[in-house]
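First comes the structure, then the notes that go with it.
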Amino acid sequence: MQKTLTALLLASAVSLPALAAPETFAIEGTHTYPRFSYSHFGYSTQLSRFDKTTGTIVFDKAAKTGTVDIVIDTKSVNTGFATFNEHIQGEDFLDTAKYPTATFKSTKVVFEGDKPVAVEGNLTLKGVTRPVTLTVTSFQAMPHPMMKKDAIGANAWTVVKRSEFNAGKYAPYVGDEVRIDIAVEAIKQ
């Protein structure tokens, strides 16, 4: 009787569907680049990026939930020109001496089917925190073919007004609206 009961318990445990749990992914800095673009006197759209980004993403596919916590090193701004990098890091814009990082902390991840389509959260830049919604344009969750670990990746974007973050110098000549695009990849921990 004891053997039969044990066998039934083991069989039922094996046949139960596995419950998914939240998985934590570390931002992979060599493939994660926040970029920003803005109008320069109407002549052109300037495009720059940040070279150093860290953080974590928690993803629960079954529950259709997640969190995103990103830290951008604002001193790593890369305009393609060293003198302009210093200008952007100055008090009128990023003020990196006082505010060396920008952060994004999600408050909600919106799903359609099995994939996230938007991430709502708070962007903190130059000591100012404002709500923003990142529109997710692509998302992939699969084993990384080279690292042999589960990985996720996405592209997302939003538009902010730099004047709302105390960085509005030269507006409206230099565009107040700034588009932020982020390509992000993260590896399961």
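Nothing in this text is a laboratory measurement; each read-out follows from the coordinates by a stated rule. None of these values were measured; they are calculated from a predicted model. Using ideal geometry, Cβ is built from the backbone for each residue, glycine included, and neighbour counts are taken over all protein chains shown.
See the values below:
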| quantity | calculated |
| --- | --- |
| Lone qualifier among A156, A151 - being buried (at least 17 other Cβ atoms within 10 Å of the Cβ) and out of contact with any Leu (no Cβ under 9 Å at 6 or more places or on another chain) | A151 |
| Qualifying positions in segment 93-119 - outside any strand (DSSP E or B) and under 19 Å from I27 (Cβ atoms) | P100 |
| Residue check for P145: under 28 Å from F93 (Cβ atoms), over 14 Å from the mean Cα position of the chain (by Cα), loosely packed, with under 13 Cβ neighbours inside 10 Å and without any contact (Cβ under 8 Å) to a residue 12 or more places away in the chain | no |
| Cβ-Cβ under 7 Å pairs, at least 6 apart or on other chains, segment 91-103 side within 18 Å of N78 (Cβ to Cβ), far side of a type in the set (K, R) and in a loop (DSSP other than H, G, I, E, B) | F93/K169; L94/K126; D95/K126; Y99/K126 |
